[in-house]
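The values are calculated or read from the model by the stated rules, or taken from the named source; none is laboratory data. From a predicted model like this one, the values you see are computed outputs, not experimental measurements. When we count neighbours, we look across all protein chains shown, and the Cβ atoms used for this are built from the backbone with ideal geometry, even at glycine.
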Amino acid sequence: MIINLEKFISTEQRYWEKLEGFLNKLDDGSIEKLNFEQVKELQYLYQKCSAALSQVQGFSADSEIKIYLENLVARAFTRIYSGKRIKKKINVFEWFFYTFPQTFRKHYRAFLISLIITLVASLFGVLAVYFDSEAKSIVMPFSHLQGDPSERVQKEESATKDNIENLKTTFSAQLMTHNIRVSFFTFALGITWGFGTIIMLFYNGIILGAVCLDYVIAGETRFLIAWLLPHGSIEIPAILLAGQAGFILAFAMIGWGNRTKLKDRLKEILPDLTTILIGIMIMLVWAGIIEAFVSQYHEPKLPYSVKIIFGSIQLLALIAFLSFSGRKKSSE
């Protein structure tokens, strides 16, 4: 292959210098260990320099460049595959407070799409129940939601026995398993170019809107908020994150003018999807615990004001965490 050496060097040299500086920092101890983003950057620079080396292999006019690139690629190969510097051990604190929220913000547009679809679907559920009382039996799939909200509230508040007193752990585990399964299914349907993810979000949104209006019409708004907010402040955002992950997958499937191969696009988003999905599991485990041990208790056992304050603090903390956590590091 014939190349314009001068133009080639001016275009590619910045990658060589960046890789060399990276390796020098590893050698002198300026970087003691690599985080995930640094590992990706090192791998990328190594691939760029390897490609450059292959292009100049048959070009004999300047052997110094070949020798330089050979040494550089060899050093990078040693760092990447020897395992002496790149540690596979995950810093859990760094992942949770930096990588997870940064990844969320990186794909905030996909989250906004997920949120908008859910809000539109919730409005649809509200209108369906408001204009057609018989729609309740169709849009609410759970038997405990089919009855009169006031009767349920009276029954809950007058109960003298805890029906799940000895089953809270089992009940909590069932909630976690169900919600994680629904979330992962919502994400996985992104492979349908996002149509399946849209359907799942819309379905969940309709139920949410219908349930809320049903309790509001019955005059049980306070009970509704105190019941949903403690666990819903985490569970509902987790479902939205699952939608976000589904749309990230869908965007990679579609390509949007990206000429790289599908497998390369999927490979590129895999770390971010893994991060978001692990975050979803953590959120839903916590939500399952709260639903079993907090949400199921009502007045007079547990004041609604306490539950509402608790849920509100959780929601505000989650919003602040996803919006601001890790910003300092990302700007360095």
- Output the residue which, of all residues in the stretch 181-225 that are among the β-branched types (Val, Ile, Thr) and surrounded by 20 or more Cβ atoms within 10 Å (Cβ to Cβ), is nearest to the chain's Cα centre (by Cα). THR186
- Residues of the stretch 133-152 that turn out to be part of a helix (DSSP H, G or I) and at pLDDT below 75, as a count: 3
- Task: Determine, yes or no, whether ALA226 is at pLDDT below 95, closer than 22 Å to LEU175 by Cα and part of a helix (DSSP H, G or I).
- Result: no
- Enumeration of residues in the stretch 153-189 that are under 29 Å from LEU241 (Cβ atoms), among the hydrophobic types (A, V, I, L, M, F, W, C) and either in a helix (DSSP H, G or I) or without any contact (Cβ under 8 Å) to a residue 24 or more places away in the chain (or both): LEU167, PHE171, ALA173, LEU175, MET176, ILE180, VAL182, PHE184, PHE185, PHE187, ALA188, LEU189
- Do the conditions hold for SER150, that is, is it under 30 Å from SER133 (Cα atoms) and either aromatic (Phe, Trp, Tyr) or free of Cβ contacts under 8 Å to residues at least 60 places away in the same chain (or both)? no
- Task: Identify all residues within the stretch 295-312 that are within 16 Å of GLN174 (Cβ to Cβ) and under 25 Å from the mean Cα position of the chain (by Cα); write none if there are none.
- Result: SER295
- Query: Taking the stretch 260-297 as the search range and keeping residues that are outside any helix (DSSP H, G or I) and not polar (S, T, N, Q), which one is surrounded by the most Cβ atoms within 10 Å (Cβ to Cβ)?
  - Reply: TYR297
- Please work out which one of (1) farther than 30 Å from ASP132 by Cβ; (2) of a type in the set (Ser, Thr, Tyr); (3) without any contact (Cβ under 8 Å) to a residue 60 or more places away in the chain is the condition THR221 fails and give its number. (1)
- Message: Given the condition touching a Leu at 6+ places or on another chain (Cβ under 8 Å), in a helix (DSSP H, G or I) and modelled with pLDDT under 80, answer yes or no: does some residue in the stretch 80-97 qualify?
- Response: yes
